[in-house]
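Some notes on the structure that comes next.
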Amino acid sequence: MCLVLIATIAAADYATGYEISLSMLFLVPVFIGAWTLGRAGGVAMSLLSAAAWYTVFLELHPHSSGVYHLLDALVRGGTWFIFALVIHRLKVALAHADERFVTVLEGLDAAVYVSDVETGEMLYVNEPFRKAFPVGAPPHSAQEMEDEEFQIPRAGAAT
């Protein structure tokens with residue numbers, strides 16, 4: 001998919017000619033590559049995007065010296081390369097934040113659950129919740145939590 005996007009963006013950039021540059025659109029395949037394929041995928045997409053952009057740029061912008069072309073390609077390619085690394089780090093940081101959130105929820109003494117707002121489906125339950133509702137007993141939705149039989153007994157309450 002990323003390769004098709006790169007080819008499509010390069011063709012569109014060529015078709016728009018000298019006046020309009022679509023080079024910023026190359027961030028899309030770089031983002032997709034970094035998010036789905038990791039650091040290596042993002043770096044590969046940034047390099048391929050830079051090569052595609054450079055090829056189109058050479059066709060549309062004649063200069064007496066190729067140094068200007070190369071410098072422009074290195075700056076854009078470097079920008080896309082850094083973008084790929086930032087996106088990869090962002091995904092890793094989000095994964096670690098999720099892990100820390102689960103660690104906090106597991107450390108609570110209270111029974112906690114997380115449910116889908118629209119369907120009420122239980123997405124997560126912590127250890128005290130699993131202890132309060134043994135195997136086979138936990139409710140499968142937030143709606144079932146409102147039923148009397150699934151109320152968590154309060155400390156000191158008569159059962």
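Each value in this text was obtained by applying a stated rule to the coordinates, not by laboratory testing. All of these numbers come straight from a predicted model, not from anything done at the bench. Reconstructed Cβ throughout: ideal geometry from the backbone, glycine too, with neighbour counts over all protein chains shown.
Listed values for segment 76-81 are Karplus-derived 3J(HN,Hα) couplings in whole Hz (6.51 cos²θ - 1.76 cosθ + 1.60, θ = phi - 60°), namely 5, x, x, 4, 5, 4, and x replaces Gly and Pro. Do you know the relative contact order of segment 2-105, to the nearest whole percent, from alpha carbon pairs under 8 angstrom that are 6+ apart? This gives 30 percent for segment 2-105.
With K and R counted +1 and D and E -1, the other residues having a Cβ less than 15 Å from that of residue 37 yield a net charge of +3. With a Förster radius of 41 Å applied to the C-beta separation of residue 108 and residue 4, the computed FRET efficiency comes to 0.30. The amide H of residue 112, built 1.01 Å from its N in the peptide plane, has 126, 129 as neighbours under 5 Å, considering only residues 5 or more places off or on other chains. With the simple spin-label model, which puts each label point 7 Å out from Cα in the Cβ direction, the residue 99 to residue 36 separation comes to 2.5 nm. Near residue 108, once Lys and Arg are set to +1 and Asp and Glu to -1 for all other residues with Cβ below 15 Å from its Cβ, the sum equals 0.
Stretching residue 28 away from residue 121 to a fully extended chain increases their span by 30.1 nm, per 0.36 nm per residue minus the current alpha-carbon distance.
Neighbours of residue 57 by Cβ distance under 10 Å: Lys/Arg scored +1, Asp/Glu scored -1, total -2.
Highest-first packing order for the peptide set 10-17, 27-34, 40-47, 51-58 is 27-34, 40-47, 51-58, 10-17, based on the mean count of other beta carbon atoms within 10 Å.
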